[in-house]
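**Student:** A single structure is presented below for examination.
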Amino acid sequence: MKIAELFTKKQPTISFEVFPPNNIYTLEDVYHAIDELSILKPDFMSVTYGAGGSTRRNSVSIASKIKNVNKIEALAHLTCIGAKKNEIDKILEELKNNNIENIMALRGDIPQNGNIEKGDFLYASDLIKHIKTKENFSIGGAFYPEGHQETNDILDLFNLKNKIESGTDFLISQIFFDNEKFYEFKEKLKKLNIDIPLIAGIMPITNGKQIRKITSMCGCSIPPKLKKILDRYENNPIAMREAGIAYAMEQIVELISDDVSGIHIYTMNRVEASKKIMENIGSILRKRDENNGY
Ligand code: FAD
């Protein structure tokens, strides 16, 4: 099913993100995580494309496993930076041949050394327009509640509007730890008459060091409440995990109470936090399904 269609039937959606093998996780580990996450019956699962040190190889086969083996809707990420049209077309063909109906269309990060192959696309909106001329995929795009590091907020909003008008069906947010940032961004989009499903990207913190690295990479802030947790439990891994999951839970329950379109959990290929979260929001999701006639 196309994710755009899913939103007409069910909100909030619950989804998980995994990434392909890297120097820590083998393909077997990733498949195992997908099997465990599938038991939690998410509405869809996404697989990144070369993000955070993972390879681009295997993205299509992982998406195919999610869709065709685990029978969960799959969202395949695809980046266009440095890519030629014929390379993108080859991947689109592979996705189509594997029954994948949804693409998270992204530009990709500019490498720190600035060395990029000259490609046929400058921005995610160029990729989206290209996909639209080729195939009938449902398309997601990224948004940044705290702004994108390369642009000022006003220009970024203007560029986002352009990205949506290029054919984006739904947006998934960068990680944020302060729900107010998400609500403020939602208001800005409302003022621009932008009304498409906004999915909140939530990362349960399980490791203090990792979170400091991630926040500096993606430019999201650490609110004082979370800083206190990090300061207190950073050196106690079990307590840090518990506190991190509790913090994510609080964010999720508040967002769902405020009618968010979807919650997307950045699992980092780990299952425990998602399992605990799904257990804790079981009644909330049952209520959602009753209201939707499931
Ligand atoms: P764009 O929408 O193209 O925006 C990039 C920058 O260019 C922004 O500052 C924007 O304001 C500006 N811009 C856009 N259009 C124009 C224009 N016409 N003129 C001038 N400026 C313009 N990276 C990966 O490598 N693999 C992944 O799988 C991956 N998954 C992600 C999933 C999510 C939910 C998010 C939030 C990010 C993900 N990323 C991934 C990271 C992403 O690739 C980077 O954040 C990248 O820097 C921007 O990608 P984008 O698609 O948002 O780019």
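**Student:** Filter segment 96-111 down to the residues that are in contact (Cβ under 8 Å) with a residue 24 or more places away in the chain and over 20 Å from the mean Cα position of the chain (by Cα), then identify the one that is nearest to the ligand (Cβ to nearest atom). Can you show your working first?
**Tutor:** Of all residues in segment 96-111, those in contact (Cβ under 8 Å) with a residue 24 or more places away in the chain come to 96, 98-110.
Among the residues that remain, those that are also over 20 Å from the mean Cα position of the chain (by Cα) are: 96, 98-99.
Working: LYS96: 19, ASN98: 17, ASN99: 20 Å.
If we take residues in segment 96-111 being in contact (Cβ under 8 Å) with a residue 24 or more places away in the chain and over 20 Å from the mean Cα position of the chain (by Cα), then ASN98 is nearest to the ligand (Cβ to nearest atom).
**Student:** May I pose another question? I'd like to check something: does segment 112-119 contain any residue that is in contact (Cβ under 8 Å) with a residue 12 or more places away in the chain and closer than 26 Å to LEU198 by Cα?
**Tutor:** Step one: filter segment 112-119 for residues in contact (Cβ under 8 Å) with a residue 12 or more places away in the chain, giving 116-119.
Now restrict to residues that are closer than 26 Å to LEU198 by Cα: none.
So far as segment 112-119 goes, no, none of its residues is in contact (Cβ under 8 Å) with a residue 12 or more places away in the chain and closer than 26 Å to LEU198 by Cα.
**Student:** I'd like the full set of residues that are in a helix (DSSP H, G or I) and in contact (Cβ under 8 Å) with a residue 60 or more places away in the chain, limited to segment 163-215.
**Tutor:** Taking segment 163-215 as the starting set, the residues that turn out to be in a helix (DSSP H, G or I) are 163-165, 179-191, 208-215.
Listed by number, the residues that qualify are ASN179, PHE182, TYR183.
**Student:** Given the conditions (1) in a helix (DSSP H, G or I); (2) out of contact with any Ser or Thr (no Cβ under 7 Å at 6 or more places or on another chain), and given that ALA273 satisfies all but one, which numbered condition is not satisfied?
**Tutor:** Status for ALA273: all satisfied but (2).
**Student:** Also, quick follow-up: Does any residue of segment 125-138 turn out to be within 9 Å of the ligand (Cβ to nearest atom), open to solvent by 20 Å² or more (accessible area, probe 1.4 Å), closer than 29 Å to LYS191 by Cα and modelled with pLDDT under 95?
**Tutor:** Checked segment 125-138: no residue is within 9 Å of the ligand (Cβ to nearest atom), open to solvent by 20 Å² or more (accessible area, probe 1.4 Å), closer than 29 Å to LYS191 by Cα and modelled with pLDDT under 95.
**Student:** Could you check, for segment 233-255, whether at least one of its residues is of a type in the set (Phe, Trp, Tyr) and either open to solvent by 70 Å² or more (accessible area, probe 1.4 Å) or more than 23 Å from ASP43 (Cα to Cα) (or both)?
**Tutor:** The initial filter retains those residues of segment 233-255 that are of a type in the set (Phe, Trp, Tyr), namely 233, 247.
Those left that are additionally either open to solvent by 70 Å² or more (accessible area, probe 1.4 Å) or more than 23 Å from ASP43 (Cα to Cα) (or both): 233.
Among the residues of segment 233-255, at least one is of a type in the set (Phe, Trp, Tyr) and either open to solvent by 70 Å² or more (accessible area, probe 1.4 Å) or more than 23 Å from ASP43 (Cα to Cα) (or both), which makes the answer yes.
**Student:** Still on this structure: Does ILE277 satisfy the criteria of being open to solvent by less than 20 Å² (accessible area, probe 1.4 Å) and not acidic (Asp, Glu)?
**Tutor:** Values: open to solvent by less than 20 Å² (accessible area, probe 1.4 Å): yes; not acidic (Asp, Glu): yes.
Taking the combined requirement at face value, the residue satisfies it.
**Student:** With the requirement that a residue be touching a residue at least 40 places away in the same chain (Cβ under 8 Å) and within 21 Å of the chain's Cα centre (by Cα), what does segment 80-95 give you?
**Tutor:** Across segment 80-95, the qualifying residues are CYS80, ILE81, ILE88, LEU92, LEU95.
**Student:** Among the listed residues THR151, THR206, THR215, identify the single one that is hydroxyl-bearing (Ser, Thr, Tyr), under 19 Å from the mean Cα position of the chain (by Cα) and within 15 Å of the ligand (Cβ to nearest atom).
**Tutor:** Details: THR151 fails: under 19 Å from the mean Cα position of the chain (by Cα); THR206 fails: within 15 Å of the ligand (Cβ to nearest atom).
Of the residues listed, the single one that is hydroxyl-bearing (Ser, Thr, Tyr), under 19 Å from the mean Cα position of the chain (by Cα) and within 15 Å of the ligand (Cβ to nearest atom) is THR215.
**Student:** Which residue, of LYS96, LYS71, LYS67, is within 24 Å of GLN11 (Cα to Cα), among the basic types (Lys, Arg) and surrounded by fewer than 19 Cβ atoms within 10 Å (Cβ to Cβ)? Don't jump to the end; show me each part of the working.
**Tutor:** Details: LYS96 fails: within 24 Å of GLN11 (Cα to Cα); LYS67 fails: surrounded by fewer than 19 Cβ atoms within 10 Å (Cβ to Cβ).
Testing whether each residue is within 24 Å of GLN11 (Cα to Cα), among the basic types (Lys, Arg) and surrounded by fewer than 19 Cβ atoms within 10 Å (Cβ to Cβ) leaves just LYS71.
**Student:** Also, I was wondering about something else. Output the number of residues of segment 22-41 satisfying the condition of being without any contact (Cβ under 8 Å) to a residue 40 or more places away in the chain, open to solvent by less than 60 Å² (accessible area, probe 1.4 Å) and in a loop (DSSP other than H, G, I, E, B).
**Tutor:** Final tally of qualifying residues: 1.
**Student:** Across segment 147-176, what is the number of residues that are among the acidic types (Asp, Glu) and at pLDDT 95 or above?
**Tutor:** Step one: filter segment 147-176 for residues among the acidic types (Asp, Glu), giving 150, 153, 156, 165, 169.
This time we only want the ones that are at pLDDT 95 or above, so: 165, 169.
Counting residues in segment 147-176 that are among the acidic types (Asp, Glu) and at pLDDT 95 or above gives 2.
The values are calculated or read from the model by the stated rules, or taken from the named source; none is laboratory data. Computed from a prediction, not measured in an experiment: that's the story for all the values here. Because the Cβ atoms are built from the backbone with ideal geometry, glycine has one as well, and the counts that use them run over all protein chains shown. Calculation scope for accessible area: heavy atoms of the full protein, side chains included, ligands and nucleic acids excluded. Shrake-Rupley method; radii C 1.70, N 1.55, O 1.52, S 1.80 Å.
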